[in-house]
1. Tell me, which helices (runs of 4 or more DSSP H) wholly within segment 178-238 include 3 or more residues that are at pLDDT 90 or above and farther than 29 Å from GLU138 by Cβ?
2. Answer yes or no as to whether ALA55 is surrounded by fewer than 15 Cβ atoms within 10 Å (Cβ to Cβ) and within 25 Å of ILE224 (Cβ to Cβ).
3. Which pairs do you get when a residue that is more than 15 Å from ILE211 (Cα to Cα), found in segment 235-250, comes within reach of a residue that is of a type outside the set (Val, Ile, Thr) and crowded, with 22+ Cβ neighbours inside 10 Å, reach meaning Cβ atoms under 6 angstrom, with the pair 6+ apart or on two chains?
4. Any idea which of TYR73, TYR66 is touching a residue at least 12 places away in the same chain (Cβ under 8 Å), under 18 Å from LEU158 (Cα atoms) and open to solvent by less than 30 Å² (accessible area, probe 1.4 Å)?
5. Quick one: in segment 242-268, of everything that is β-branched (Val, Ile, Thr) and modelled with pLDDT of 95 or more, which residue is nearest to the chain's Cα centre (by Cα)?
6. When residues of segment 76-98 are filtered for being free of Cβ contacts under 8 Å to residues at least 60 places away in the same chain and not small (Gly, Ala, Ser), how many remain?
7. Output the number of the condition that LEU43 fails; it satisfies all remaining conditions of (1) without any contact (Cβ under 8 Å) to a residue 12 or more places away in the chain; (2) touching a helix residue (DSSP H, G or I) at 6+ places or on another chain (Cβ under 8 Å); (3) assigned to a helix (DSSP H, G or I).
Amino acid sequence: MRKTIGLLYVFMKIKVRMQMEYKGAFWAGSFAQIFYYGVDFLLLWIVVTRFMNLAGWSSEEVIFLYAVKLISYGIAGTFFFHACHGLQNRVQSGGFDESLILPVNPLLFEVLSNCTTAYVRHIALSIVIFVVSFIRLEISLTFHILFWLIILILSAALIQAGFFLLFSAPIFWMIRGERVLSIFLHEMGGFVNYPINIYPITIQVILTFMIPHAFTNFYPGQFILGKEGVSSFGPVLQYLTPLVGIIVFLLGLWIWNRSIQYYQSTGS
């Protein structure tokens, strides 16, 4: 574990130096990404303030759900986005061979060599939204609330990381399987920008029990905000995010590592 943390530190330091080599491009990219998610946040704000109340959720509470999803995605994306989204090109080119011949776990090498500092922008924007949400909701940020907020965010990040692994694994046998990753991560994940209890029960079942995106923000939000009677499946699910996070991540690890046996080098 200590060796892994040491390697992570070295790789992250290298990534920072590489990105800061072209400071203009770095700050331009930072501005563009913050602007993109800022507009996304603004559009969400306009929609929810227009309706004032969405199935028992106020506009400030919906914005809080957005912040939980964004920060957990940012944490997971820091380590797994490029490792999984760029996997298709490395498999097609045979570049994945490098991960197999080194004296380190292939996934660990992929994660370490493809980690990025770009998602610091997501995390920074999320923190700003959290502050605004807590002020407007008049919630006192006690040690108890802060502790559970951190636990639930990290658990949600495990779910996001598990999704990256689960839906990139087909690339090993489908070659061009990145569309699978896009559909389940982005299209399906977009549903939880809003409380899932506004959707038909079929969608709620999918987002809770089949592809549990709802545990990345809806159920953690229910727990932190003390929302009762908003879930179609009872209050117990709001306490299960840490368990779901561990299960989804371990399942993603297992399937990803098992899928490597289908990899066939191009020989180039």
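The values are calculated or read from the model by the stated rules, or taken from the named source; none is laboratory data. On a predicted model such as this, the values are computed, not experimentally measured, just so you know. Neighbour counts run over all protein chains shown; Cβ positions are idealised from the backbone, glycine included. These area figures cover heavy atoms from the full protein model, side chains too; ligands, DNA and RNA do not enter into them. Shrake-Rupley method; radii C 1.70, N 1.55, O 1.52, S 1.80 Å.
1. By residue number, 201-205.
2. yes
3. From residues that are more than 15 Å from ILE211 (Cα to Cα), the pairs are GLN238/TYR219; GLN238/GLN222; PRO242/SER155.
4. Details: TYR73 fails: open to solvent by less than 30 Å² (accessible area, probe 1.4 Å).
Only one candidate passes the filter, namely TYR66.
5. Residues of segment 242-268 β-branched (Val, Ile, Thr): 244, 246-248, 255, 260, 266.
Then drop every residue that is not modelled with pLDDT of 95 or more, which leaves 244, 246-248.
Numbers: VAL244: 14, ILE246: 14, ILE247: 15, VAL248: 12 Å.
That would be VAL248.
6. Residues flagged as free of Cβ contacts under 8 Å to residues at least 60 places away in the same chain and not small (Gly, Ala, Ser) within segment 76-98 amount to 5.
7. Only one criterion in (1) without any contact (Cβ under 8 Å) to a residue 12 or more places away in the chain; (2) touching a helix residue (DSSP H, G or I) at 6+ places or on another chain (Cβ under 8 Å); (3) assigned to a helix (DSSP H, G or I) is unmet by LEU43, namely (2).
The rows are residues; the columns are (1) in contact (Cβ under 8 Å) with a residue 24 or more places away in the chain; (2) in contact with a Ser or Thr (Cβ under 7 Å, 6 or more places away or on another chain).
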{"position": "THR116", "(1), (2)": "yes, yes"}
{"position": "HIS122", "(1), (2)": "yes, no"}
{"position": "ILE135", "(1), (2)": "no, no"}
{"position": "LEU152", "(1), (2)": "yes, yes"}
